[in-house]
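Participant: This is the structure I have questions about; it appears just below.
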Amino acid sequence: MTYLEKYDALSGDREKVALVSGWIRTDTFPFFRELRERRPIFVTPGFTLVTRFPDVMEVLSHEKMFSVRLYASRMDPVVDGPFMLSRDDTPVNWREKGIMQAVLRPEDLPDVREAAGRIADESLDRSAPSGRIDVVSGLGRYVPIRLCGEYFGFPGPDLETMYRWSRATQFDMFKNLQNDPVVHEESVCAGKEMMSYLRGLLEDKRAAMERSKGDPPQDVFGRLIRTSLPAELGFDDHRILANVAGLLIGAGETASQAIVQVLEQILSRPDVRARAAEAAAGPDLAEFDRYVWEALRFNPINPLVFRYCEQDYELAAGTPRATLIPAGAIVFACTASAMFDEHRFPDGNRFRTDRPEPTGLHFGFGHHACLGRQVAGVMVPEVVRRVLLRPGTSLLSPPDGNVDFQGGPFPERFTIFLGTDA
Ligand code: HEM
């Protein structure tokens, strides 16, 4: 029986929704393939799945029609106010994304890449004598959080607290599709702790800047504190803190999961691993980075992003799959599926590094395209590159070598062999 035959055989709405939710988690790619071929816009009693590339782009391009309204109740309590990703075409989003883009200078990227590589190498060197490294704790979480301290200027009280804040908030905002109230509560608590810590840090930083005039800090938080904007823009201290908190929320578990899943995909393909290792040692970083994003296509960090339909809307109008999406519907834009749409990603099942848009939809699209895509675009590949530069790096045999989620939404452990005699 196919997925759709099993689905059609059920009569209860709850059972249907539970079945589809389960398949999105456990059978992501074969389920999406069947939908792309047979029911590309799939309306269920709980949500509508949009699976083909042009339709996913259509959803993500129409923020007034397909809004991020549902994010607000999860994000606002964490940063005690609005956040750019919980608001669509509003003054808050317009202004704050612009300010944040300005302080995340593209000119910083070579240094950010170098720092990511240095931090990764320090951790790899520490693990080398044991011949193994847990990629999650040694690289995936470690490098982004260290960079959050060095580059964003938000080091946190200690690494463990930063991991907890990052994990709790990401979990509720993007992976709590079941609306578990405990998950939400942990995220709100993490947000309160984080904002209180950041308030203290802002005062310390301001005092330190007063003392050391002439040599201002170049980190992102420091730049925000030094930015002087007219009061009518409303970008006060609280807005600074909300956006600095957003840097950790955006950068922590996302980059960790990407680093883990990219490495797993590359190391599990011996031919790709050999070519990627050669590119890692070569002069063309952009050429190497193509391996990273193509690897992530085979296991992206999220199968979808969700939106709320604000008004009745005909999606894919004028095509045989045209479907009326009613106001109030929850829409899943299945980015993982779109990146296998043969019309846009020909030869989708083959690992190819010559795709015209190497980063695909990993960083979203449209109004809410990832603010950190340039930072993540150098940090993630550089960590992976430093690993592949170590000769003999390989997967351990299962179960040790499997990515272990420990029943949760994020990789918690992934040990790889670091050595020369695997
Ligand atoms: C590999 C790492 C990352 C991935 C895969 C990723 C992915 C994404 C995606 C898919 C979205 C769009 C969500 C949606 O449309 O609903 C997004 C938005 C966002 N990301 Fe990232 N991200 C990563 C790293 C980062 C980093 C390093 C930062 C911080 C510097 C960051 C900050 C943000 C912010 C603030 C938004 C909201 C932008 C807006 O509303 O306009 N992300 N990210």
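Read the figures in this text as sums done on the coordinates, not as results from a lab. As the structure is a prediction and not an experimental result, all values here were calculated from the model. Here Cβ is always computed from backbone atoms with ideal geometry, including for glycine, and neighbour counts include all displayed protein chains.
Participant: For a label point 7 angstrom out from the Cα of Asp312 toward its Cβ, which stretches of the range 327-343 have the backbone nitrogen within less than 14 Å?
Facilitator: 327-329
Participant: Label points 7 Å out from Cα along the Cβ direction at Lys175 and Thr319: separation in nm?
Facilitator: Spacing of the two 7 Å Cα→Cβ label points: 3.1 nm.
Participant: Taking a spot 7 Å from the Cα of Val17 along the direction of its beta carbon, which residues of the range 36-80 have an amide N less than 17 Å from it?
Facilitator: 42-50, 70-71
Participant: Could you give the length gained on full extension between Glu150 and Arg105, defined as 0.36 nm per residue of separation minus the Cα-Cα distance, in nm? Write out the running numbers ahead of the final one.
Facilitator: Working: separation 45, 0.36 × 45 = 16.20 nm, distance 1.46 nm.
Gain on stretching Glu150 to Arg105: 14.7 nm.
Participant: Taking the Cα centre of the chain as the origin, how large is its charge dipole in debye, to the nearest 20, when only Lys and Arg (+1) and Asp and Glu (-1) carry charge on their Cβ atoms? Write out the running numbers ahead of the final one.
Facilitator: Numbers: 50 positive and 60 negative charges, 48 e Å.
Computed charge dipole of the chain: roughly 240 debye.
Participant: If you don't mind, there's one more thing I want to ask. Per residue, what volume in Å³ does the Cα convex hull of the range 1-118 take up? Mind showing how you got there, number by number?
Facilitator: Working: hull volume 21.7 nm³, N = 118.
With only Cα atoms used, the range 1-118 gives 184 Å³ per residue.
Participant: Roughly speaking, what is the centre-to-centre gap between the range 186-232 and the range 258-303 when only Cα atoms are used, to the nearest Å?
Facilitator: One Cα centre to the other: 36 Å.
Participant: Straight distance only, please: which lysines reach the Cα of Lys16 with their own Cα at less than 26 Å, same-chain residues fewer than 8 apart left out?
Facilitator: Hits, sequence-local ones excluded: Lys6, Lys175.
Participant: Let me ask something else about it. What length, rounded to one decimal in nm, is gained on full extension from Arg206 through to Lys6, with 0.36 nm per residue of separation minus their alpha-carbon distance? Please list the in-between numbers first.
Facilitator: Working: separation 200, 0.36 × 200 = 72.00 nm, distance 6.11 nm.
Additional length available on full extension: 65.9 nm.
Participant: Still on this structure, I have one more. Under a Cβ-only charge scheme (Lys and Arg +1, Asp and Glu -1), can you give me the dipole magnitude of the range 1-58 about the Cα centre, in debye to the nearest 20?
Facilitator: Numbers: 9 positive and 9 negative charges, 18 e Å.
I would put it at about 80 debye.
Participant: So how far apart, in nm, are the two label points at Asp347 and Leu389 if each is 7 Å from Cα heading toward Cβ?
Facilitator: Between Asp347 and Leu389, the label points sit 3.0 nm apart.
Participant: Taking the Cα centre of the range 1-99 as the origin, how large is its charge dipole in debye, to the nearest 20, when only Lys and Arg (+1) and Asp and Glu (-1) carry charge on their Cβ atoms?
Facilitator: Working: 15 positive and 15 negative charges, 17 e Å.
Around 80 debye, computed over the range 1-99.
Participant: Cα convex hull of the chain: how many Å³ per residue? The partial results should precede the final answer.
Facilitator: Values: hull volume 65.0 nm³, N = 422.
It comes to 154 Å³ per residue, whole-number rounded.
Participant: In the chain, which whole DSSP H runs stretch at least 30 Å along their own axis (Cα) and average 0.5 or higher on the Kyte-Doolittle scale? Could the numbers behind the result be given before it?
Facilitator: Values: long enough: 181-211 (45 Å, -0.43); 237-267 (45 Å, 0.76).
TM-like helix candidates: 237-267.
Participant: Further, regarding this structure: For the pair Asp354 and Arg69, what calculated FRET efficiency results from E = 1/(1 + (r/R0)^6), where r is the Cβ-Cβ distance and R0 = 25 Å, to the nearest 0.05?
Facilitator: Numbers: r = 39 Å, r/R0 = 1.56.
So, using R0 = 25 Å, E works out to roughly 0.05.
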